[in-house]
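Before any comments, here is the structure.
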Amino acid sequence: MGVIDSIFRRKRPEPEFTGHRGYYATHDAFDDAEWDRRLDDLDHALAAEEKRRKRFWQRDYWRGRRKRWWAARIFAGLLGIFILLVGWLAITAPLGKSLEPIAPPQITLLAADGTPIARNGAITDEPVDVSKLPPHVVEAFLAIEDRRFYSHWGVDPRGIARAAVTGTGGGSTITQQLAKFTFLTPERTLTRKAREALIAFWLEAWLTKDEILERYLSNAYFGDNVYGLRAASLHYFYRKPENLRPNQAAMLAGLLQAPSAYAPTRHYDRAAKRMELVVQSMVAAGYITEAEARAMRPPALDVRMKSDIPTGTYFADWALPEAREMSDSGYARQTLTTTLDSKLQNIARRVTSRAPLGNAQVALVAMRTNGEVVAMIGGKDYEKSPFNRATQAKRQPGSTFKLFVYLAALRDGWEIDDRIDNREITEGSYRPGNSGGRYSDSLTLEDAFAQSSNVAAVRLFGEVGSEKVIETARDLGVTSDLTKGDPSMALGTSTMSLLELTAAYAAVAGNAFPVEPHAFARPERGWFENLVDGPSSLPGDTHREMEALLRAAINKGTGRAATLSGPNFGKTGTTQDNRDALFVGYAGDLVVGVWIGNDDNSPLDGISGGGLPARIWRDFMTQALGVSAAPSQPGPRENTDPGGPVEPLDVPDLEDIPLGDGNSRLRIRDGEAVFSTEVDGIPIDITITEGGIGIDEEAIEEARRRAEEARYEAVREELERRRERAE
């Protein structure tokens with residue numbers, strides 16, 4: 001009723017009735033038109049009130065709209081969306097990106113002595129200036145790619161139609177091509193084409209035509225890993241783009257459609273045929289005459305920038321990300337000097353290639369105590385497998401992880417003469433065993449570390465606590481996952497890279513941690529910087545005791561095959577079922593880690609950390625440091641003839657009795673006698689106790705394998721000599 005009241009409440013003039021002669025007709029008192037108008041007003045008011053009570057998500061709200069009403073609002077909505085998208089692009093899309101090279105510029109990596117080791121990246125050069133280019137250079141590209149470039153707004157329907165009919169002139173404009181290779185991926189979808197057109201409109205709104213053309217020519221791909229007109233003209237014709245001849249410009253313009261297929265260094269006939277199409281397009285566009293076109297011949301190439309430097313090596317692939325961060329952004333090619341030592345790299349390659357690996361893979365990392373990597377082997381053959389097993393592979397470190405367990409114990413107050421239970425573990429869910437089933441009541445920490453006792457390491461891990469072991473590993477730079485409370489961690493079941501593990505040993509070698517491996521020399525830190533934010537270090541006593549453990553592991557423990565004539569420190573590692581074999585140690589100023597294993601993580605054929613990895617480490621160190629390998633056991637000492645039978649007091653504690661051949665010794669300690677001798681240069685221990693005689697089967701297997709290696713090496717050398725004589 002409110003609506004009706006609002007209508008009839010209007011003040012309207014009262015109708016004037018004219019007098020009649022005694023009578024009048026009732027229809028004369030009403031105005032039909034006025035009454036119809038009032039009814040229409042009532043209908044409109046009721047419809048408006050009914051619509052007001054409806055919501056826009058209801059279907060009835062939109063019924064009854066005229067087509068013109070719908071068309072106007074749809075057009076306005078699309079226009080608003082387009083304006084919003086252009087505004088969004090103006091804010092979020094970096095316009096400066098079109099000024100940057102679309103491929104990383106070429107970087108040449110040098111060894112520390114200046115020897116080129118790898119060249120990686122695209123061949124680029126400085127951007128071109130359209131105003132300085134000869135007209136025939138610009139016209140060649142416009143004729144074949146976008147004739148109406150200076151007249152369209154970024155998208156050219158006429159050009160698309162002409163390309164579809166004649167096959168000349170790209171369907172996409174130069175602006176669209178710049179948008180595609182600068183901001184988008186090369187996928188062929190309608191969505192990408194729509195985005196390409198949208199960005200083209202945006203580029204046209206913000207840049208001049210010459211700026212768009214300059215950025216296009218400076219980034220386009222011309223084949224042979226060459227990007228940009230300046231780099232292409234120098235690469236194919238050894239000529240600056242400002243000096244290009246018409247036929248040279250025409251050939252370069254023809255490469256853009258399919259750079260790899262038309263590259264004249266490999267497909268000159270295709271490039272010449274494509275050039276003819278460019279020349280005819282220039283005639284059709286009115287840039288040259290028919291006579292000039294007939295006189296134009298394919299140009300001769302002048303390629304001078306050839307290189308036999310490899311594009312990648314294990315070390316170069318690892319160093320390249322750091323090199324990219326160091327290099328200036330832009331088009332210029334750069335040359336950077338790395339920390340790689342050519343001499344040490346050749347030694348590493350030689351000792352690993354000569355090792356009898358069978359089907360197994362090998363990795364080696366050598367670094368200075370400050371983290372400078374001087375040699376790296378990531379596998380047997382980079383060409384066959386560029387996967388870097390020194391930096392990318394995450395494998396179990398085995399007993400080399402015991403470094404962190406024993407160091408955590410020393411930091412917690414233990415001493416190397418303290419004893420730890422070495423009896424078999426018979427309780428609990430985790431029951432590791434010692435190699436060869438060798439147990440005793442107890443061992444000193446030094447002997448337990450040297451003999452790589454598993455049960456002793458697990459018990460020491462339990463005494464110290466996983467938190468302190470993990471803390472020690474983190475202090476030395478280990479970032480890989482370490483599971484808190486897992487006793488198997490003591491035996492190296494957590495995975496990490498060989499590079500990471502070697503860096504931790506470098507931290508102990510230099511007594512400064514953490515050590516960050518790096519491929520480029522870094523400036524020395526000043527005393528104030530070291531004072532404020534310098535590396536941490538171990539207390540002197542703790543560091544000396546840790547080195548005593550590492551020295552014992554080589555000189556009288558599982559790492560005896562790595563013994564050098566000078567001071568040496570290291571630790572062996574062998575994972576379950578011999579899936580990984582490692583040796584990590586240091587001597588002089590070099591810290592070296594060696595790993596052997598199969599990519600499929602299958603067991604190795606009789607290789608353990610104290611065998612082939614230790615010998616590779618020893619061979620590398622003897623050549624790198626110029627030292628000799630020490631005999632596996634020390635020779636007999638000169639003693640004055642006692643003049644009578646040897647009595648117990650003549651040999652203190654009966655600990656070390658040299659026998660007649662100079663390579664055999666008898667040691668008596670902890671109630672057992674150990675007879676040590678050599679077979680083919682490999683030490684073998686025979687233990688005599690009250691329970692009987694024990695033989696080190698692993699050492700015997702090692703002797704057999706060493707003999708096979710010697711025979712293999714002798715045969716190989718003989719074949720080489722025969723081949724040299726034949727040549």
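The values are calculated or read from the model by the stated rules, or taken from the named source; none is laboratory data. Remember, it's a predicted structure, so these values are computed and weren't measured experimentally. Cβ placement follows ideal geometry from the backbone for every residue including glycine, while neighbour counts extend to all protein chains displayed. The area values use the complete protein model at the heavy-atom level, side chains included, leaving out ligands, DNA and RNA. Shrake-Rupley method; radii C 1.70, N 1.55, O 1.52, S 1.80 Å.
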Odd one out for ARG368, checked against (1) closer than 23 Å to ALA118 by Cα; (2) open to solvent by less than 20 Å² (accessible area, probe 1.4 Å): (2)
In region 243-259, which residues are open to solvent by 10 Å² or more (accessible area, probe 1.4 Å), more than 15 Å from GLU139 (Cβ to Cβ) and not in a loop (DSSP other than H, G, I, E, B)? ASN243, GLN257, PRO259
The one condition GLU424 fails out of (1) within 18 Å of PRO487 (Cα to Cα); (2) in contact with a Ser or Thr (Cβ under 8 Å, 6 or more places away or on another chain) is (2)
So, in region 388-429, exactly how many residues are under 16 Å from THR493 (Cα atoms) and acidic (Asp, Glu)? 0
Only listed residue being surrounded by 14 or more Cβ atoms within 10 Å (Cβ to Cβ), of a type in the set (D, E, K, R) and at negative phi, chosen from ARG423, ARG419, ARG395: ARG395
Inside region 195-254, can you point out the residues that are touching a Gly at 6+ places or on another chain (Cβ under 6 Å) and over 14 Å from ASP125 (Cα atoms)? ALA200, PHE201, GLU204
For LEU357, indicate whether it is of a type outside the set (Gly, Ala, Ser) and open to solvent by less than 10 Å² (accessible area, probe 1.4 Å). no
Given the residues THR311, THR335, which is the only one that is hydroxyl-bearing (Ser, Thr, Tyr), at pLDDT below 95 and in contact with a Leu (Cβ under 8 Å, 6 or more places away or on another chain)? THR335
Show the residue pairs meeting these rules: Cβ distance below 6 Å; 6+ apart or different chains; first residue within region 188-202 and within 11 Å of TRP153 (Cα to Cα); second residue of a type in the set (Val, Ile, Thr) and modelled with pLDDT of 70 or more. ALA197/VAL155; ALA200/VAL155; ALA200/THR175
From the list GLY378, GLY413, pick out the single residue that is modelled with pLDDT of 95 or more and crowded, with 19+ Cβ neighbours inside 10 Å. GLY378
In region 244-265, what count of residues is obtained for those that are without any contact (Cβ under 8 Å) to a residue 24 or more places away in the chain and farther than 18 Å from GLN177 by Cβ? 0
Selected residue (criterion: nearest to MET326 (Cα to Cα)) from residues of region 495-520 that are surrounded by fewer than 20 Cβ atoms within 10 Å (Cβ to Cβ) and of a type in the set (S, T, N, Q): ASN511
In region 291-324, anything among the acidic types (Asp, Glu), farther than 24 Å from ALA232 by Cα and surrounded by fewer than 20 Cβ atoms within 10 Å (Cβ to Cβ) is listed as GLU292, GLU322
Taking the stated definitions as given, is VAL478 in a loop (DSSP other than H, G, I, E, B), at pLDDT 95 or above, out of contact with any Gly (no Cβ under 9 Å at 6 or more places or on another chain) and of a type in the set (A, V, I, L, M)? yes
Where in region 490-602 are there strands (runs of 3 or more DSSP E), lying fully within it, with 1 or more residues that are over 20 Å from VAL362 (Cβ atoms) and touching a residue at least 60 places away in the same chain (Cβ under 8 Å)? 569-574
